[in-house]
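All remarks here apply to the structure that follows.
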Amino acid sequence: MFLPDGPAVDIDPNLLRWIRVEQGNPLRDRVCANYTIVLHCVEIYRTRLNTNILKMPLFSVWNVVDLRDSHNYELAMHIETDIENSNVL
C-alpha cells in the first residue's frame, strides 16, 4: 500500500552532479541528468521507419535509482502532457 508522507517535494537542484546532452546520432538524441539519488534520461528516436509508420517520433524515459544509502525514501515521477483523454485513467 502506498501511503505518501505529506505533499510531494521536488528533488533539490543542488544535488545535480551533471547533465549530458547527446545530439547528432542518426537514430536518437539523449538528455541525462544525474542527481545524487537518481539518473534520469530521456531519449528521442527519430528514424525514418518510425516516422513513416507511426507518423511521430518515439521516445523513452528511464531512471536508475540508488537507494542504498537511504531508508524509508519515497520517489515518484510526475509527467504532464497535453493529451486529452476525458479524465479516463
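The values are calculated or read from the model by the stated rules, or taken from the named source; none is laboratory data. Not measured: the values here are computed from a predicted model. Reconstructed Cβ throughout: ideal geometry from the backbone, glycine too, with neighbour counts over all protein chains shown. We work out accessible area using only protein heavy atoms, side chains counted, and drop any ligands, DNA or RNA first. Shrake-Rupley method; radii C 1.70, N 1.55, O 1.52, S 1.80 Å.
For segment 3-39, what are the residues that are without any contact (Cβ under 8 Å) to a residue 12 or more places away in the chain, within 23 Å of Glu74 (Cβ to Cβ) and either part of a helix (DSSP H, G or I) or touching an Asp or Glu at 6+ places or on another chain (Cβ under 8 Å) (or both)?
Correct list: Pro13, Asn14.
Which numbered condition trips up Tyr35, out of (1) modelled with pLDDT of 80 or more; (2) open to solvent by 60 Å² or more (accessible area, probe 1.4 Å); (3) of a type in the set (Phe, Trp, Tyr)?
(2)
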